[in-house]
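Okay, structure first, notes after.
The values are calculated or read from the model by the stated rules, or taken from the named source; none is laboratory data. As the structure is a prediction and not an experimental result, all values here were calculated from the model. When we count neighbours, we look across all protein chains shown, and the Cβ atoms used for this are built from the backbone with ideal geometry, even at glycine. Heavy atoms of the whole protein, side chains included, go into the accessibility calculation; ligands, DNA and RNA do not. Shrake-Rupley method; radii C 1.70, N 1.55, O 1.52, S 1.80 Å.
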Amino acid sequence: MKKLLIIGGSVIILLALLVFVNSQANKSKLADSPYGDKQLRQSTIDQLDDENYQNIILPDELEKKIESGEPVNVYFFSPECEHCKEMTPRLMPIVKDMDAEIVQYNILEYEEGWNQYNIEGTPTLAHFEDGQEVDRIVGSQPDETIRAFFEKYPK
């Protein structure tokens, strides 16, 4: 009986230690979060240090940018979307290679974007000019389609 208590106690201590270490790792990642003080889902926290997700835009910033009339390419994604996970590592190097500009809107954290921008699925790549959406592609796309999109809408 004594051995069982020792083993059970050790397991509880190990689990508590794992929770503590994970919590500290999350705090470290959240220190410079582009999301500000927003409570984030773990899948978003896991992406904070991913080089492919460093152009995050918040809803208010995107609205202002669109309303200003300046051209803007927006990538609507979800950190839990399998198609986004497949496309983003191909998309971002293309953006860099073509010297294009893009902002990334996390639709998982800011669900109002689904209705506000009529998003039917992720990933969605949209281009806005003069305060209006002028083009979009939906779903994981081949590299050629992504390149063609950015050729139509340079910087």
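Tabulated results
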{"quantity": "Antiparallel content of DSSP bridges confined to segment 59-152, in %, to 5", "calculated": "75 percent"}
{"quantity": "LYS85 accessible area, 1.4 Å probe, all protein chains in place, Å² to nearest 10", "calculated": "100 Å²"}
{"quantity": "Listed residue (HIS127, PRO71, VAL138) projecting farthest to the positive dipole end of segment 59-152, Cβ model", "calculated": "VAL138"}
{"quantity": "Efficiency of FRET from Cβ geometry, GLU86 and GLU63, R₀ 30 Å, rounded to 0.05", "calculated": "0.55"}
{"quantity": "Mean accessible surface per residue for segment 59-152, computed with a 1.4 Å probe while every protein chain stays in place, in Å²", "calculated": "50 Å²"}
{"quantity": "Sparse-neighbour loop sites [chymotrypsin sites (Phe, Trp or Tyr not before Pro); segment 37-115; at most 13 other C-beta within 10 Å; DSSP]", "calculated": "none"}
